[in-house]
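Let me begin by presenting the structure, written as structure tokens, before commenting on it.
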Amino acid sequence: MQTILGASGQIGEELARELKRNFTSDIRIVSRNAKKVNDTDTLFSADLSIKESAVGALKDTETAYFTLGLPMDSDLWEKQFPLITRNVIEACKINAVKLVFFDNTYMYPQDDRVLTEQTAFAPVGRKGKIRKQMAEMVLNEMKSGELEAVICRAPEFYGPAKTQSITNTLIFNNIKRNKKLKVPISDNKLRTLIWTPDASRAAALIGSTPDAFGQTWHLPIDEGRLTYKEFISLASEIYGKELKYSVVPNFVFKIGALFNERLEELQELLPRYKYDNIFDDSKFKNRFPDFQVTTYQRGIEQIRTEQLTV
């Protein structure tokens, strides 16, 4: 049994499809309001902030995938995420379950250094500190030998369907609405973006590779890194029209944050847009050389096709 904890988002859904496609049909979907992704999925509704629910959710499970997300609310994150992570760890230990922990880069320094699996954590803001705490909980259990686990870490998303990210919100959602595109802070710094289906496929592969456990893995990206200016230029070619955009400076976000809670929550993530963002995935590509990464060209083409058919 492979169990996905939090399968209602894009990563969890794509993970369920990939596991069914290439690894197993014995998949359990766990969330507060669990819904099938594949017709063969089994469902388990659970509140993972309750330890007994987490233990029950992982009964008879071989591998658990932690892909659970919460709304961008620092108060909620501080209250729920560490508690849920601890409950999931304890449930894995009680049920002798391997854990695949899907992580982001919020705990990393937000500057121009190359980010590898060995980069020391230096979080900026409350959400970064919480993600650091969560990752360290898993790392400490791995080091103690009491939990067989692996961390899969992804940079900023872009992608189809339910993908939620700054890039999807400010660029692709605005294309769909025929609005002027927005770029945060700078359009001439290199960005590292991961195609969400690639992130899920890579997590499924790692979780199904016994010797990958006990480590942290950066998930694979298109190495042809682009600035937002170049990214939008490529999108203009694919959409067959000039996509106009404006660069939103930091002071505009600060003013907006006074009146908009979502913009307030975004503040701590903005420093990374001042610098080239270089996320090193060479460890993964050396270990899994046959993994086919989706190029920016192909990814944008897929988003355009999806928007035309909705």
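A short reminder: the numbers here are calculations on the coordinates, not readings from a lab. What you see is a predicted model; the values in this text were computed from it and never measured. Note that we place each Cβ from the backbone using ideal geometry, even for glycine, and neighbour counts take in every protein chain shown.
Points worth noting:
- Normalised by 2.2 N^0.38 Å, where N counts its residues, the alpha-carbon radius of gyration of the stretch 48-113 equals 1.27.
- Once the Cα atoms are used to define both axes, helix 196-207 deviates from the longest principal axis of the chain by about 30 degrees.
- Order of S45, S8 under a 10 Å beta carbon neighbour criterion, fewest first: S45, S8
- Gain upon complete extension [D26, E261; 0.36 nm per residue less C-alpha separation]: 80.5 nm
- The residue list L263, S282, Y245 was ranked by how far each Cα lies along the charge dipole of the stretch 242-310 toward its positive end, using unit charges on Cβ atoms, and S282 comes out on top.
- Annotation: for a label point projected 7 angstrom from Cα along Cα→Cβ of M72, residues of the stretch 262-280 with backbone N closer than 13 Å are 262-273.
- Label sites at V252 and S49, each approximated as a point 7 angstrom past Cα along Cα to Cβ, lie 3.6 nm apart.
- Spin-label model distance (nm) - Y275 vs K93, 7 Å beyond Cα toward Cβ: 3.5
- Inter-label distance, A161 to K132: 3.4 nm, where each label sits 7 Å from its Cα along the C-beta direction.
- The alpha-carbon of K182 sits under 19 angstrom from the alpha-carbons of these aspartates and glutamates, leaving out residues fewer than 8 places away in its chain: E156, E230, E237, E242, E261, E264, E265, E268, D276.
- Calculated FRET value between D39 and D60, using beta carbons and R₀ = 25 Å, to 0.05: 0.75
- Rg(Cα)/(2.2 N^0.38 Å) for the stretch 1-97, N = residue count: 1.02
- The chain, Rg to Rh (Cα coordinates; Rh as Kirkwood inverse mean 1/r): 0.95
- Placing +1 on each Lys and Arg Cβ and -1 on each Asp and Glu Cβ, with no other charges, gives the stretch 21-96 a dipole about its Cα centre of roughly 60 debye.
- Gain on full stretching of the segment that runs from T309 to M1 - 0.36 nm per residue minus C-alpha separation: 107.4 nm
- Close amide-amide hydrogen proximity is noted between Q215 and I151, each under 5 Å apart and 5 or more residues distant or on a separate chain (H modeled in the peptide plane; Pro and chain starts excluded).
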